[in-house]
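**Q** I am attaching a structure below and will ask some questions about it afterwards.
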Amino acid sequence: MPIHPHTGGSDDNLADGLLWGIAPAHLPGLVAVAALPLVLWAFLRWRRASAEGGSERARRFVAGVAAAPLPTCAGVLLMLVSATIHLVLAPAAGAATLGGGALFVGAALTLATAGYRAFTGRRWRGLALTVLTGSVVAYIGSMLAGEEGHDEVGLATKMVELTAIALLLIPPRRGVRRRFLRVRRLVATTSVVPLTTLTGATVWADAFADADEATRAAKASGEPIVGHGTVGMAMQPDTDEPPTAAQLAAADRLVAATRTAIAQYADPAAAVAAGYRPSGPTTIGAVVHYEHQGRLHDGVTLDPSQPEMLVYGVTVQGPLLLGVVYALPWPLAEAPDAGGGSLTAWHAHTNVCFSLAGLVGLLSPFGTCPAGSANIAFGPMLHVWTVDLPGSPFGLEPNEQDLKQLRIPQ
């Protein structure tokens with residue numbers, strides 16, 4: 001069964017498939033941006049025709065476009081992308097907050113006006129920078145206040161606006177007094193980087209806050225659907241339906257068969273002797289994965305006698321075998337049906353960053369990894385816990401608090 005990306009928590013308000021992480025109400029914004037080049041082409045043809053017909057305003061505009069430096073043209077284009085998204089999403093914003101639609105329309109019209117004036121010799125940068133900065137700050141504030149969640153369209157729009165701000169702050173080669181050039185350089189170096197960092201940090205904090213809340217809710221309720229509260233996790237599609245009686249029985253059989261088959265590995269030394277190798281720290285409170293490379297690439301999956309990974313928890317009493325991870329080696333590999341429906345949904349981690357030294361961090365909200373590392377997606381995997389953990393036997397990996405509640409059988 002193929003998997004599809006999932007942001008963690010309920011995806012009732014998110015589009016599936018290739019448009020994962022995008023609220024359906026925001027999809028018109030993407031469609032409008034895709035149509036923007038055609039609209040701009042038609043507008044420029046109209047202005048050129050008007051200039052040829054004798055319109056002085058159109059002639060001045062066309063000449064301004066031809067003479068404009070590349071940073072100005074690029075900045076104006078990004079302004080118009082932001083304006084388009086705000087204008088199309090104004091009805092949704094108006095339904096969400098009182099006056100939100102009017103603010104969206106006002107921002108869109110102001111940016112469009114400033115973009116036109118950029119090629120007519122009239123003042124425009126201050127107006128555009130004010131609206132762009134206000135839009136980014138408002139987005140940060142709405143997330144901090146809990147009025148708006150993060151999604152791909154919102155984050156992409158802020159990236160566009162931040163880039164536009166940086167382009168508009170580039171000092172022109174001529175036509176500006178030296179003291180104003182110094183001010184522009186100072187503003188550019190002291191505002192864009194902190195504003196970008198604050199935007200990314202806010203989005204990341206919001207994502208992890210949502211993840212923690214969903215994790216607590218899933219564990220408290222014992223909800224069987226896996227994947228709740230995990231940032232950067234890709235899930236099987238159609239995993240929100242409660243399991244049927246037959247699926248519950250199949251899931252129980254898988255847990256029982258796995259528990260029996262891995263009993264021989266209660267001592268990690270036995271796992272090492274069988275070819276498993278540990279990864280990660282072995283300090284108290286850690287969860288350590290013992291991976292068997294041969295079994296990961298042998299073409300056999302979901303066989304309790306040959307699990308790809310064994311998972312141990314390091315408790316104060318010593319290592320405790322927690323269960324297994326059934327895994328496939330490649331991100332796009334087809335995961336077999338475990339029979340438990342939503343209870344045994346496969347998942348993959350898509351946001352980890354690796355360097356030659358190993359795991360170094362997580363993918364940032366802007367889709368970047370730390371310098372010297374790259375984003376690597378894991379193949380589909382399925383947890384099967386054979387000890388009594390909060391939530392589901394197929395749920396989230398235990399944390400240090402969970403391990404404190406476990407005791408090694410005597």
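**Q** Using θ = phi - 60° and the Karplus curve 6.51 cos²θ - 1.76 cosθ + 1.60, what whole-Hz ³J(HN,Hα) does each residue of region 346-354 get, with Gly and Pro shown as x?
**A** Karplus values, whole Hz, x for Gly and Pro: 6, 9, 9, 9, 10, 10, 9, 10, 10.
**Q** Work from the charge dipole of region 229-404 (Cβ charges, +1 for Lys and Arg, -1 for Asp and Glu, about the Cα centre) and give the residue of 356, 255, 340 farthest towards its positive end.
**A** Final value for the positive-end residue is 356.
**Q** Quick check: pseudo-label points 7 Å beyond the Cα along Cα→Cβ at residue 41 and residue 388, how many nm apart are they?
**A** It is 6.7 nm.
**Q** Rounded to whole Hz and in sequence order, give me ³J(HN,Hα) for region 31-43 from the Karplus expression 6.51 cos²θ - 1.76 cosθ + 1.60, θ = phi - 60°, writing x for Gly and Pro.
**A** Along region 31-43, the couplings run 4, 5, 5, 4, 8, 4, x, 5, 5, 5, 4, 5, 5 Hz.
**Q** Can you compute the FRET efficiency between residue 122 and residue 330 using 1/(1 + (r/R0)^6), with r the Cβ-Cβ distance and R0 = 56 Å? Round to the nearest 0.05.
**A** 0.50
**Q** In terms of the ratio Rg/(2.2 N^0.38 Å) built on C-alpha atoms, what value belongs to region 229-404?
**A** 1.03
**Q** In whole Hz, what ³J(HN,Hα) sequence does region 390-397 give by Karplus (6.51, -1.76, 1.60; θ = phi - 60°), x for Gly and Pro?
**A** Listing the rounded values in order: x, x, 9, x, 10, x, 5, 5 Hz.
**Q** So what is the relative contact order for region 229-404, in percent, with contacts set as C-alpha pairs under 8 Å and at least six apart?
**A** With pairs under 8 Å counted, the relative contact order is 25 percent.
**Q** Sticking with this one: Say each of residue 269 and residue 49 gets a label point 7 Å from the Cα, pointing the same way as Cα to Cβ; how far apart are those two points in nm?
**A** Spacing of the two 7 Å Cα→Cβ label points: 8.7 nm.
**Q** Given charges of +1 on the Cβ of Lys and Arg and -1 on the Cβ of Asp and Glu, with all other atoms neutral, how large is the dipole of region 229-404 about its Cα centre, in debye to the nearest 20?
**A** It comes to approximately 400 debye.
No value in this document is a laboratory result; all are computed from the given coordinates. Please read these numbers as outputs of a predicted model, since none were measured by experiment. Counting neighbours? That spans all protein chains shown, and the Cβs are built from the backbone with ideal geometry, glycine included.
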